[in-house]
Amino acid sequence: MGTEGTEGTTAVEPRAVGTPPVEWEAPQDDVGRLFQETLERHSGRRGRSLRTLRLGAILLAVLVCLVAALGVGAWPGLWSHVHVDTGRSAVGQIPAGSVNRGAVPASPGRAPGVEAPGPVASPAVPPHPAISLPAGVTPAAGPSSTPPPVGGPATATPTATPLPPVTWAHREWAGPGAGCCYQQGGSWTNGSRGGEPNFGGPIRWTTSSSAWADWSLGNPSGGLRWDQVRVYVWIPNTMAGAWVRYTVTATQGSAKQQYTFDVPQQELQGPYLLGIFSAGTPTQRTGSIWVHMTYLRPYTGPAADGTCVGGTTCTAMAAAQVQFQWS
């Protein structure tokens with residue numbers, strides 16, 4: 001009785017006793033043969049693919065090393081070009097009406113961690129273009145280049161000393177009867193009344209067109225604010241009718257100022273303010289003041305009265321007192 005195995009196993013045929021067994025090779029079907037051939041072809045392709053990948057990796061590594069070497073060599077020049085171009089762009093963006101006080105860096109920079117191959121000459125940078133400001137516009141002051149003091153107390157800014165007040169507390173009279181600082185020239189007639197005080201003081205009068213009278217500040221003591229001196233002339237209420245000219249001369253050291261005032265005496269009586277003048281500084285007298293009166297012409301205006309010739313023409317001028325006031 002024979003035994004059947006599964007497909008692909010060895011079949012044992014019955015034999016006689018003592019006869020050695022005979023082995024048979026399993027038959028190879030088409031599917032097995034195709035599988036074996038496919039496996040052999042696949043093993044060959046895989047070997048070729050591995051060799052191709054190793055060759056490509058070697059070529060890629062060589063290319064990367066070459067690019068890195070070129071980049072390291074060209075980096076300083078490329079960084080210098082970018083740095084200078086950035087400075088030029090900042091110069092070109094100056095807003096109109098402003099002043100650029102910045103400076104282009106004198107030397108190019110380099111990438112961190114990369115040693116410079118040696119001194120690199122700075123490329124020439126064109127000068128800044130001139131900037132014209134609109135009329136009437138003044139450029140803003142830039143920040144001070146002086147560093148603040150280090151240590152020590154801050155220095156206080158000195159303040160100006162306040163000026164003494166103007167009070168007009170000091171006064172001086174000059175003229176006929178005052179005993180000081182009066183002179184006259186030409187032909188004059190003495191009068192006993194019409195002057196200061198209260199038109200009861202002495203006067204001088206004349207109809208001469210060449211006559212003149214002088215008053216001066218003299219040498220009074222005390223007081224301040226010599227930069228403001230007030231000057232009054234007293235015009236009598238009698239024998240004073242013509243147009244006269246008062247000339248005031250004020251000096252401060254070597255400086256001199258003159259002022260003229262044409263006055264119709266017939267229309268005025270009592271103290272008449274000529275103005276405020278300077279004879280020095282707020283604290284010190286450095287000059288003086290003179291008042292000079294001359295004959296100008298007869299008065300024929302509406303204020304003419306019975307004291308004038310024919311009641312229409314006032315020909316006389318009079319000199320009384322002058323008062324100087326300071327603080």
- Between residues in the range 284-312 that are charged (D, E, K, R) and residues that are part of a loop (DSSP other than H, G, I, E, B) and buried (at least 19 other Cβ atoms within 10 Å of the Cβ), which pairs lie under 6 Å by C-beta distance while being six or more apart or on different chains? 285/226; 285/279
- For the range 219-233, does any single residue satisfy the condition of being outside any loop (DSSP other than H, G, I, E, B) and under 18 Å from residue 189 (Cα atoms)? no
- Message: As an exercise: evaluate residue 219 against (1) touching a strand residue (DSSP E or B) at 6+ places or on another chain (Cβ under 8 Å); (2) open to solvent by 50 Å² or more (accessible area, probe 1.4 Å) and give the number of the one condition it does not meet.
- Response: (1)
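Yes/no matrix, rows are residues, columns are (1) under 23 Å from residue 172 (Cα atoms); (2) out of contact with any helix residue (DSSP H, G or I) (no Cβ under 8 Å at 6 or more places or on another chain); (3) of a type in the set (S, T, N, Q); (4) surrounded by fewer than 17 Cβ atoms within 10 Å (Cβ to Cβ):
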position	(1), (2), (3), (4)
193	yes, yes, no, yes
208	no, yes, yes, yes
214	yes, yes, no, no
227	yes, yes, no, no
258	yes, yes, yes, yes
273	yes, yes, no, yes
- Conditions: (1) open to solvent by 70 Å² or more (accessible area, probe 1.4 Å); (2) more than 21 Å from residue 209 (Cβ to Cβ); (3) in contact (Cβ under 8 Å) with a residue 12 or more places away in the chain. Residue 325 meets all but one. Number of the miss? (1)
- How about the range 197-206: which of its residues are in contact (Cβ under 8 Å) with a residue 24 or more places away in the chain and open to solvent by 30 Å² or more (accessible area, probe 1.4 Å)? 199, 202, 204, 205
- Within the range 275-293, considering residues that are open to solvent by 20 Å² or more (accessible area, probe 1.4 Å) and in contact with a strand residue (DSSP E or B) (Cβ under 7 Å, 6 or more places away or on another chain), the one farthest from residue 252 (Cα to Cα): 292
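The values are calculated or read from the model by the stated rules, or taken from the named source; none is laboratory data. Source: prediction; values computed, not measured. With ideal geometry, Cβ positions are generated from the backbone for all residues, glycine too; neighbour counts draw on all protein chains shown. The protein model used for the area step is the full one, side chains on, heavy atoms only, and it has no ligands, DNA or RNA in it. Shrake-Rupley method; radii C 1.70, N 1.55, O 1.52, S 1.80 Å.
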